[in-house]
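The values are calculated or read from the model by the stated rules, or taken from the named source; none is laboratory data. Note that the structure is a prediction, hence the values are computed from the model and not measured. With ideal geometry, Cβ positions are generated from the backbone for all residues, glycine too; neighbour counts draw on all protein chains shown.
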Amino acid sequence: MSPSSPTLIEARELTPRCGAAETGGGAAPRWFRWVAGLAFAAYGVFLALTMSVAAGGSDSSGYLNSARLLAAGQLQTDLRVPPEFGRPTEVNRSHFSPQGFGQFAANPRLPPSYPTGLPLHLALAGKLFGWEAGPRLVQLVAALGAVALGYATARALGVSWPLAAAGAAMLAGFPVFLFTSIQTLSDTLATTWMLAAVWCALRGRRALGWAAAGGAALAVAVLVRPTNLLLAPGLAVLLGLDARRLGAFLAGGMPGAVWFMAYNQALYGGPFHSGYGTIGAAFALHYGWPTALHFAKWLALFLPAVVLVLPLPALVARDGPRREAAGLALLGAGIVGVYLFYDVSHDVWWCLRFILPAVAALILLALLGVEVLARRRAPWVRAAAAAGLAAWALAASWHWTRSLHILYVPGYERVYAEAAEVVRKQFPANALVVCSAFSGTIYYYTALPTLVYDSITPGEFAGYVARARAAGRPVFAAVFELEEEEALRTRCPGPWRRLATVGKIGLWELP
């Protein structure tokens, strides 16, 4: 026996739960592979035809602007301040900082405010495949990868192939998963790398190389979303509390940790600082109960409601997969435990995107619960349970995706790019653009400076206009209908003239 081989005790412990083909009814039949392959391909085509890639609001424009900088070999950039207003260090930086970028006293430049995980993926794909196809490919591969890894991880946990397929269907149809997969957001990618870490950790019980791969996957998951660091305790349980495995796991994650700390030090002034600034005030204990009710309500509506209680058999069964169940429970509890106390988590249904990795863990844990309940029963019981769960999940997905107009989201995002194209054609090359929600879009698609109206007083705006006119610089605006009152009448008043309307974005000129 080689030094890296598992001991007899380890082998007896690992074989039942890490070899999917040996448990849960054996390998999937050939007909299922064909059907599943066709369904998987059809889902990919559906996503590809539905999704959009646009530098829209603060999230999508922030990720894409950061990706462009990284692809150019830059970590940050400079404020676009017209020279007649003074040097960037002499102006009120909040007046010129587009959404998706941060302002830090120790950094006079303009650093992105979002973590680098998604931008690094976008930058690499953009360099290889172009900035239209590349980001689209990242979104598509992330979504399909999460679904495939959901199935593979369930099998690695010892779940039968019908139930593993039902779990993949539950994740693929989960309305929030669809919402985050058809636009440029980080939530789906964070879930994909979480599942990759779990799958590698399960295989890491047998081979140190897989343990190291699990650590690397966790590191990427943390780069995508720093709160994914809270997955570490659950992954350690799944991996097994063995010094060699944990050492390999830590070694695999070290390069990502070094990049994470170096980037934060360079841009934000500390290895554990972030582009979000000081957000401690956004967390409070009194948010916990309303957020818990909010999460429970929408999970029960979006998933088969029984999924919320199915984990219990796996957690309490004396002869069940207790280590696997405990590890998955820790994974979910770590993520949910943070966002329960976040002030915006209970605002709307799509705030469940913050806990999307925990939803994937919940589905896996529910599948283990069904396996425990189906032990010593005929094989058709598992098949019937799988069919029922999948049908329930897909029916809920159909209903809520239509009711909440989720598939309209890419159209809303594309309006940003369409309006930016009109700006490029109709605004002069030296224009100053008053905007706020559209500011990250202006920065991505054009070279124009933005005057972000949120904190500007009428007196300050009059001063900017006077200096711009003295320098021969025209003043324009790009604002949403909901912004018009505050932007064009309250903070930046003047005889504005509408040039065009794209969707709900108005393009204006100050004669």
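Observations on the model:
- Evaluation of SER455 against (1) in contact with a Lys or Arg (Cβ under 9 Å, 6 or more places away or on another chain); (2) buried (at least 16 other Cβ atoms within 10 Å of the Cβ) (one fails), failing number: (2)
- Matching option when the condition is over 24 Å from GLY73 (Cα atoms), assigned to a helix (DSSP H, G or I) and not aromatic (Phe, Trp, Tyr), among PRO255, PRO290: PRO290
- Here ALA478 does not fit the description of being small (Gly, Ala, Ser), farther than 17 Å from PRO82 by Cβ and surrounded by 17 or more Cβ atoms within 10 Å (Cβ to Cβ).
- Yes/no for ALA123 being surrounded by 17 or more Cβ atoms within 10 Å (Cβ to Cβ) and over 25 Å from TRP350 (Cβ atoms): yes
- Selection status of LEU328, of a type in the set (A, V, I, L, M), modelled with pLDDT under 95 and either surrounded by 15 or more Cβ atoms within 10 Å (Cβ to Cβ) or over 30 Å from PRO108 (Cα atoms) (or both): no
- Flag for ARG323 being modelled with pLDDT under 95, within 25 Å of VAL220 (Cβ to Cβ) and assigned to a helix (DSSP H, G or I): yes
- Selection count where residues are more than 26 Å from GLN76 (Cα to Cα) and touching a residue at least 40 places away in the same chain (Cβ under 8 Å), scope the stretch 429-463: 1
- Put simply, of ALA361, ALA314 the only residue that is surrounded by 21 or more Cβ atoms within 10 Å (Cβ to Cβ) and over 19 Å from the mean Cα position of the chain (by Cα) is ALA314.
- Residue check, GLY252 of a type in the set (Gly, Ala, Ser), closer than 23 Å to ALA212 by Cα and either buried (at least 20 other Cβ atoms within 10 Å of the Cβ) or in contact with a Cys (Cβ under 9 Å, 6 or more places away or on another chain) (or both): yes
- Scanning the stretch 485-504 for residues that are touching a strand residue (DSSP E or B) at 6+ places or on another chain (Cβ under 6 Å), surrounded by 13 or more Cβ atoms within 10 Å (Cβ to Cβ) and under 19 Å from SER439 (Cα atoms) turns up ALA487, CYS492, TRP496, LEU499, ALA500, LYS504.
- For the stretch 105-120, the set of residues classified as assigned to a helix (DSSP H, G or I) and surrounded by fewer than 24 Cβ atoms within 10 Å (Cβ to Cβ) consists of LEU120 only.
- Residue within the stretch 33-45 that is at pLDDT 95 or above, loosely packed, with under 13 Cβ neighbours inside 10 Å and of a type in the set (Phe, Trp, Tyr) present: yes
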